[in-house]
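Asker: One structure coming up, written as structure tokens, with questions to follow.
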There are 2 protein chains.
Amino acid sequence: MAESWSFLDTVESNFRPLVVIELAKGTKEETIEWFTKRIVDKKTDGGAQLLIKPLVTENGHENIYLVGASHLRLLLGAETVGLVKECNDNSMRTFTYSSRKTFKDFADDNHNFLTMAECQYIIKHELDNLRAKNEKMIPGYPQAKLYPGKSIVRRLLTSGILVQIFPLHDREELKKLRHSWYGRVRIGYQPLDDIRCYFGETIALYFGFLEYFTFALIPMAVIGIPYYVFAWEDYDKYVMFAAFNLLWSTVILEVWKRICAILTYRWGTLLMKRQFEEPRPGFHGVLGINPVTGREEPVYSSIKRQLRIYLVSLPFVCLCLYFSLYVMMIYFDLEQWALDYHKENESNFSSLMLYVPSIIYAVVIEIMNRIYRYAAEFLTSWENHRLESSYQNHLILKVLVFNFLNCFASLFYIAFVLFDMKLLRQSLATLLITSQILNQFAESLLPYWLQKRHNKRMKQRTSSQKTDMDLSLAEQVSMEKEMGTYLGTFDDYLELFLQFGYVSLFSCVYPLAAVFAVLNNITEIYSDALKMCRVYKRPFAEPTANIGVWQLAFETMSVISVVTNCMLIGMSPQVDALFPDSKMDLVLTVAFVEHLLLAIKFIMAFVIPDKPRDIQMKLAKLEFESLEALKQQ
Amino acid sequence: MAESWSFLDTVESNFRPLVVIELAKGTKEETIEWFTKRIVDKKTDGGAQLLIKPLVTENGHENIYLVGASHLRLLLGAETVGLVKECNDNSMRTFTYSSRKTFKDFADDNHNFLTMAECQYIIKHELDNLRAKNEKMIPGYPQAKLYPGKSIVRRLLTSGILVQIFPLHDREELKKLRHSWYGRVRIGYQPLDDIRCYFGETIALYFGFLEYFTFALIPMAVIGIPYYVFAWEDYDKYVMFAAFNLLWSTVILEVWKRICAILTYRWGTLLMKRQFEEPRPGFHGVLGINPVTGREEPVYSSIKRQLRIYLVSLPFVCLCLYFSLYVMMIYFDLEQWALDYHKENESNFSSLMLYVPSIIYAVVIEIMNRIYRYAAEFLTSWENHRLESSYQNHLILKVLVFNFLNCFASLFYIAFVLFDMKLLRQSLATLLITSQILNQFAESLLPYWLQKRHNKRMKQRTSSQKTDMDLSLAEQVSMEKEMGTYLGTFDDYLELFLQFGYVSLFSCVYPLAAVFAVLNNITEIYSDALKMCRVYKRPFAEPTANIGVWQLAFETMSVISVVTNCMLIGMSPQVDALFPDSKMDLVLTVAFVEHLLLAIKFIMAFVIPDKPRDIQMKLAKLEFESLEALKQQ
């Protein structure tokens, strides 16, 4: 190994820019000098051993730097981050430089062995792991303290010297991807492997889930249509539909785990070892000894954090929930008012007015969700979690609970307190459709329009009529650095989660919900694709092996929907009529069926293996080989 | 490493017998010669490199061999099996020969560094992994086929040439253990660490669980006593008791996981890597290529196995369940007859007769359970599972389902069909107490008595008045080889599982069940300890990190008990009186409370971490170190 590193001394002639670093205007010279020196320094001297070049634009030097790396450096980096690639014998193995010849498509002169997204991920990893040695502070900025082992880039980011780091788009590849993804109107699968190569596994897995979920909803939609068309309201048919829905939702969630395993095995992330988690950038505390690593780093008392969570965050969340219920009661007042108005002046206008309260409420719900989201982010960040994963879990829990209540409380109230099925159907339809329209507008179309207008202005300023492809590197960088930052798949999954709630919680009173969900998701694929390719900066690739906590969230929703659907069926007049003598028999029967369905759900979830047999075999084979190798040692 | 193995050539002077091998009478000389040669052969020649000596008794040579190993060989074996031991810095690490000096209590002349149970486990592992090279059959037995890689010991066992392999007791250690375990009457903890040193982790963990479970039942027993004494039958108090029980049972199962982690961390098994699972000895099939290992070994079509499971085993289990229900109906006829008899001749005798049907039924249940157990073992073995774990899972599933129905069906019938709470209480008490008495008798006292009689006869034959301590090695071996074989912790856990069912399923009608369970478990600890030390051959130690599938079984039982207890409370006349107007409100309230309790249960199980914080930290530290070590490479 030691020899290989020394090859890197020779600066490569054909420098390929991969990542852009933007420093704040007016950053001191000594800081820039020190930072760039640390980036190019040899590994043995504690540097990152990367290549860096300032970007010279027409306006001169703008504190923007391009980072790249030699081919060899990237290969060694791929070993460090533990990339898993396909071998010549079609098995997936962790890449090591010494065994490089055994990997498929590897050749010393093939610079496409690693995808551009992988190269950018490697560079990000190396930059993040560039750590302070004996520096007590960032040169030139005495207030930006450093201690041995602290990530330099994170300190630069938190102290505002480093404005942003982002990976460059590859105009040519992006054009190809756009074409195959949403360039032509067609029915078919998305090019998930290409998306993964360009945007990384987390984003490809989101699009894979979106596509899978859409396909999985189609049977529900197809079965739901005749219920709407023929206005079927028989007991048997409703029960059939609800039972099918409940078991179907279990099956699709279990099958997704298997598909997810197939995808991530092919992409190598299923086998990738988890990296040791470093503190998140925003984490602060007094210097102490980390009991796990034995290193000096900021520590923050876990009791203080617990106090913040239970004495501030929890009451705040409860207050928000109360406020959301209060708004709901106002909505019901409005609804009553509209109903009275309609009764007084029976007209077309007044019957249209019946929908207005629901639409207003849907808009208010969306606005409250978004405001609460910022509050939750602020609070969770203030709780000062040490690890990104812990931060994410607390954030997701806060947001999920509020969103669930905010979106569904009114429906629960209508269904189980007012017992008004007609209003439930109307309210459900309005909420679902309004929120879908709002989301598509706010998430994709509006940003796209803003971005387009901005680009036009930029181009007018450079007063050229070039297409995207002809832009110079400098123009490309200055255009991309102004683009919005994609904040991760959280909002996209949340939208799907709420949609799943609308579809499954009350599926037996409004079978058409699945149809709307399918229609929405088809356009969602296109608008999300547009968003990724056109609106936002390219995000760094994030290797991932599954959709994480969302799997649990969807499963929980499907358990809750068993309870709600059984209650709805039990309350329907048709079922009521079957038990003319004793209400109690009715309730007992419903309770029994509900427990039976829940039991079947759990048994099904237990029986269906999480990984297909061939993936299990491949994993067993790898495990066997590594055990054999250990024995040989 | 290669050098260290060569040290082993010198046969150690102080041979310490660890394991006994008994060959069938009349085994051919060439077979014995070949087998012993393979055992002593060098590792590099494919042998086990152990020491072996024939045992010479008064009756001459009886085909009994003693196996031992040099100290160095055992240390190298400890590395092979991946033992985890405590280091000088109090952390737990995987033992390697090269880092031996860093381990606590290690010294080249300290032969107690490895416990005797560990040494025996190592020898068993080495014997099991003694594999055929080019032999096509066992010399002298052409029908006992071999192929490269087949375990020789397993083939010898399945073809009946090898009668048994068992580890020797250590009379001195056993005496000490017996004294500290059950030698004196006292209230206190069991010496779990000593039990683990002598019998290994699986058995120590069973006794740990038994002890923990007994302590955990004490609060339920203490709260239950006043209900019985004062005959409290108020609604509030019953609900309080049931709610406490339900949450308590969740808490104790979650806390057990934490205690289990503490114990197994201290014993090193929490960190032990899982070994690659070889086919179980009984597995047969036609020679083929294993797709995982690429080795030639018997393969058996998974479709054939599925056919056997679904076309034979499943119908058989259903038939048994039907039979069990049929027997139950006979019991109810008997019960009715006893009641009629009591009504006709009101006497002391007739009121005693009321208990007779339950007692008979309890005995019949126990007998049916035991017969079914053998049938299930036969069937599961006939299903021809390749792995021991898969065999165990199918066996446990079959046995659990039948035992659950067999034991509890009559109680469910009484509670939810006959609605007879008085009979339920009486039946529950009789079943619980009778099964406890039967179990203690059949499992421990009877075998102990048989063993004692046998030993006495043996001693009379050798016509000596020696105590156990003075026995010669030959006498000890010939006594131990006649002792019964301990078949694992399955039956012991099953007994606890059924007891947990009796205590929790109907806890609110019979609060005294917990008291009986506690009393039984205290004697159970003593009788099980007696069984382990006196009745059975010493079992081989089995490293394990948890109680496996039993955790899931207990958790499932505690979920079912939420449902049954809520139903029982809903049916009680006191609760009934609270809802004089509407039965429906009652049922809805009960259903709501039940769902709330289930939700709380799941949230609690999710929130309570499975490992205590300090164990988490220690594991994180080890992970960090191994990642750092990888980086250094």
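Asker: Name all residues of the range A:511-535 having a backbone nitrogen under 18 Å from the label point set 7 Å from the Cα of A:H179 along its Cα→Cβ direction, giving them as ranges.
Answerer: A:530, A:533-534
Asker: Over the range A:33-173, calculate the relative contact order: mean separation of alpha carbon pairs under 8 Å at least 6 apart, over the residue count, as a percent.
Answerer: 15
Asker: Quick one: length gained pulling B:E296 to B:N134 fully straight, 0.36 nm per residue minus the C-alpha distance?
Answerer: So the chain would gain 57.1 nm between B:E296 and B:N134.
Asker: Report for the protein assembly as shown the percent antiparallel among DSSP-assigned beta bridges with both residues inside it, nearest 5.
Answerer: 95
Asker: Quantify how much of the Cα-Cα distance distribution of chain B extends past 33 Å, in percent.
Answerer: 56
Asker: Now for a separate question. Around B:L51, which amide H atoms from residues at least 5 apart in sequence, or from another chain, sit under 5 Å from its own amide H, with H modelled in the peptide plane?
Answerer: B:G68, B:A69, B:S70
Asker: Could you check how much of the accessible area of the range B:392-537 is carbon and sulfur, as a whole percent, using a 1.4 Å probe?
Answerer: Using a 1.4 Å probe with all protein chains present, the range B:392-537 comes out at 65 percent carbon and sulfur.
Asker: Using 0.36 nm times the number of residues separating B:L446 and B:N14, minus their current alpha carbon distance, what extension gain do you get?
Answerer: The span from B:L446 to B:N14 would gain 151.6 nm if fully extended.
Asker: Using a 1.4 Å probe on protein heavy atoms, which residues of the range B:606-623 have at least 10 Å² less accessible area in the complex than alone?
Answerer: B:F606, B:R613, B:M617, B:A620, B:K621, B:E623
Asker: To continue, here is another question. In units of 2.2 N^0.38 Å, what is the alpha-carbon radius of gyration of the range B:115-160?
Answerer: Normalised Cα radius of gyration, the range B:115-160: 1.31.
Asker: Would you mind listing how long the range A:401-556 runs along its three principal axes, going by Cα atoms, in whole Å with the largest first?
Answerer: 64, 34, 24
Asker: Give me the dipole magnitude in Debye, nearest 20, for the protein assembly as shown about the Cα centre, with unit charges on the beta carbon: positive for Lys and Arg, negative for Asp and Glu.
Answerer: With only Lys, Arg, Asp and Glu charged at Cβ, the dipole is about 2780 debye.
Asker: For the range B:19-168, what number results from the quotient of the Cα radius of gyration and 2.2 N^0.38 Å?
Answerer: 1.16
Asker: For the range B:307-379, just run the numbers: alpha carbon Rg, then divide by 2.2 N^0.38 Å, N being how many residues it has.
Answerer: 1.52
Asker: On alpha-carbon atoms, Rg over Rh for the protein assembly as shown using Kirkwood Rh?
Answerer: 0.99
Asker: In Å², nearest 100, what accessible area do chains A and B bury in total when the solvent probe is 1.4 Å?
Answerer: The buried area between A and B, both sides summed, comes to about 2400 Å².
Asker: Counting only DSSP beta bridges with both residues in chain B, what percent are antiparallel, rounded to the nearest 5?
Answerer: Within chain B, antiparallel bridges account for around 95 percent of the total.
Asker: Shifting gears a bit: What is the set of long-range amide H partners of B:M137 at a cut-off below 5 Å, with H atoms built 1.01 Å from backbone N?
Answerer: Those lying under 5 Å, H to H, from B:M137 are B:L146.
Asker: Additional query: How high is the relative contact order of chain B, in percent, with contacts defined as C-alpha pairs under 8 Å that are six or more residues apart?
Answerer: 18
Asker: Something else: Working with all protein chains in place, sort B:R266, B:R295 by solvent-accessible area computed with a 1.4 Å probe, largest first.
Answerer: Ranked list, largest accessible area first: B:R266, B:R295.
Asker: Keeping all protein chains in the complex and leaving out DNA, RNA and ligands, what accessible area do you get for A:T36 with a 1.4 Å probe, in Å² to the nearest 10?
Answerer: The accessible area of A:T36 comes to roughly 30 Å².
Asker: Only protein chains counted, 1.4 angstrom probe. Which residues of the range A:244-276 are at least 10 Å² less accessible in the assembly than when their chain is isolated?
Answerer: Buried-area filter returns A:R274, A:F276.
Asker: Could you provide, to the nearest whole Å², the per residue accessible area of the protein assembly as shown with probe 1.4 Å?
Answerer: Here the per-residue accessible area is 48 Å².
Asker: Longer than 31 Å from Cα to Cα, which of A:K145/A:K304; A:K124/A:K175; A:K28/A:K531; B:K304/B:K601; B:K25/B:K176; A:K237/A:K343 are they? Say none if no pair is.
Answerer: A:K28/A:K531; B:K304/B:K601; B:K25/B:K176; A:K237/A:K343
Asker: Give me the net charge for the shell around A:W248: Cβ to Cβ below 15 angstrom, other residues only, Lys and Arg +1, Asp and Glu -1.
Answerer: Summing Lys/Arg as +1 and Asp/Glu as -1 gives -1.
Asker: Taking 45 Å as R0, compute the FRET efficiency from the Cβ-Cβ separation of B:M584 and A:I437 and round it to 0.05.
Answerer: Efficiency, rounded to the nearest 0.05: 0.65.
Asker: What residues of the range A:147-180 lie in the reach of a label at A:N63, counting those whose backbone N is under 15 Å from a point 7 Å from the Cα along Cα→Cβ?
Answerer: Answer for the range A:147-180: A:156-165.
Asker: So, one more: Rg and Dmax of the range A:354-475, Cα atoms, in Å?
Answerer: In Å, with Rg to one decimal and Dmax whole: 21.2, 64.
Asker: Roughly to the nearest percent, how much of the accessible area of the range A:19-168 is carbon and sulfur, given a 1.4 Å probe?
Answerer: 51
Asker: Given labels modelled 7 Å from the Cα in the Cβ direction, how far is it in nm from B:Y355 to B:Q336?
Answerer: With each label point 7 Å from Cα toward Cβ, the separation is 2.5 nm.
Asker: Shifting gears a bit: For a quick check of your reading of the filter: which trypsin sites (Lys or Arg not before Pro) in the range A:97-132 sit in a DSSP loop and have no more than 14 other Cβ atoms within 10 Å?
Answerer: Filter output for the range A:97-132: A:K104.
Asker: List the residues, sorted by chain then number, that are 5 or more residues from A:R131 or on another chain and whose placed amide H is less than 5 Å from its amide H.
Answerer: Correct list: A:I152.
The values are calculated or read from the model by the stated rules, or taken from the named source; none is laboratory data. The model shown is predicted, which means the values in this text are computed figures rather than measured ones. Positions of Cβ are generated from backbone atoms using ideal geometry, with glycine treated the same way; all protein chains shown enter the neighbour counts. Only protein heavy atoms, including side chains, enter the accessible area calculation; ligands, DNA and RNA are left aside. Shrake-Rupley method; radii C 1.70, N 1.55, O 1.52, S 1.80 Å.
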